[in-house]
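Visitor: Pasting a structure below so you can have a look.
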Amino acid sequence: MNTAPSDAWFSVFPPPRIPDVVTYVAQTWAWLRSTYANAVGFENDEPTLTDNLCEALADPERRFNHRVDCDFQAETWELRRAADGTVSRLARADIRVILGAPGTPHFVLEFKKLDGSTSARWRYCHDGLNRFVEGKYAVGHAFGAMCGITAAAATREATAMATYIADPSRAVALQCLTDDAGALITTPSVVALSGSAFDTHHARPTLAPSEPITLLHIFLSSDPAADGDVDAEGGQQPSA
């Protein structure tokens, strides 16, 4: 049977999955760029860009039309209780996606602006990606996402970032693990073929339990001339 579920069925039995969410993020960003180009221009700071995106992602009508029935929360704190009972704010996630009712798995999206410089790529890795590795984000969760907002072509920055992460010394610092094929960079993405440029896998030895995490790497261009980077389904691939 190939008939699509009715709206009434979907409202009762929503199917949010990580690939759906990643595609939805890419499609929503493309809509913002075509509708409110100045509001999501690269000259804006990261909180302005992520707040703008989160508002659009959370819009009830848009979520329903895209069959993504989950909650999008902006700038949410990770709270952690210490052995002495005190609670501290450990880190603040840019966008947290709740994939169901409270207490169910969530999916953290961490954003960094990428201007093509080495310093921006360093921040992406060591002031972004490392937050997942250290357990500031997504403790007890198997997946997360790093999102790079770039003024250039998304595919170009994706390729540069994959090379940057795979540098041997950096891969060690980021606790990178190889995939089943022995590669540090999984291309194309196994988790979300449409929307994620590549995946990386990371050990988290300081956590208990210390299960690894898989990170999806999503690149969003603020340049309208780069529309070719995202296909009709929101997919993107780093060039060879």
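The values are calculated or read from the model by the stated rules, or taken from the named source; none is laboratory data. This structure is a prediction, so every number in the text was calculated from the model and none was measured. Glycine gets a Cβ as well: all are built from the backbone with ideal geometry, and neighbour counts include every protein chain shown.
Visitor: Residues of segment 26-51 being closer than 15 Å to Ser221 by Cβ and not in a loop (DSSP other than H, G, I, E, B), which ones?
Guide: Hits for segment 26-51 are Ala26, Gln27, Thr28, Trp29, Ala30, Trp31, Leu32, Arg33, Ser34, Leu49.
Visitor: Every residue in segment 116-144 that is of a type in the set (Lys, Arg) and either touching a Ser or Thr at 6+ places or on another chain (Cβ under 6 Å) or in contact (Cβ under 8 Å) with a residue 40 or more places away in the chain (or both), please.
Guide: Passing the criteria: Arg121, Arg131, Lys136.
Visitor: Quick one: which residue in Asp199, Asp179, Asp231 is outside any helix (DSSP H, G or I), among the charged types (D, E, K, R) and at pLDDT 95 or above?
Guide: Testing whether each residue is outside any helix (DSSP H, G or I), among the charged types (D, E, K, R) and at pLDDT 95 or above leaves just Asp199.
Visitor: Do we find a residue being at pLDDT below 95 and among the aliphatic types (A, V, I, L, M) anywhere in segment 62-76?
Guide: Scanning segment 62-76 turns up at least one residue that is at pLDDT below 95 and among the aliphatic types (A, V, I, L, M).
Visitor: Considering only segment 25-42, I want to know if a residue exists there that is modelled with pLDDT of 90 or more, touching a Gly at 6+ places or on another chain (Cβ under 8 Å), within 17 Å of Phe111 (Cα to Cα) and among the β-branched types (Val, Ile, Thr).
Guide: Yes.
Visitor: For segment 182-196, enumerate the residues that are under 17 Å from Thr155 (Cβ atoms) and modelled with pLDDT under 90.
Guide: Within segment 182-196, Ala192, Leu193, Ser194, Gly195 qualify.
Visitor: What number of residues within segment 151-167 satisfy the criterion of being over 16 Å from Leu216 (Cα atoms) and modelled with pLDDT of 95 or more?
Guide: Residues in segment 151-167 being over 16 Å from Leu216 (Cα atoms) and modelled with pLDDT of 95 or more: 1 in total.
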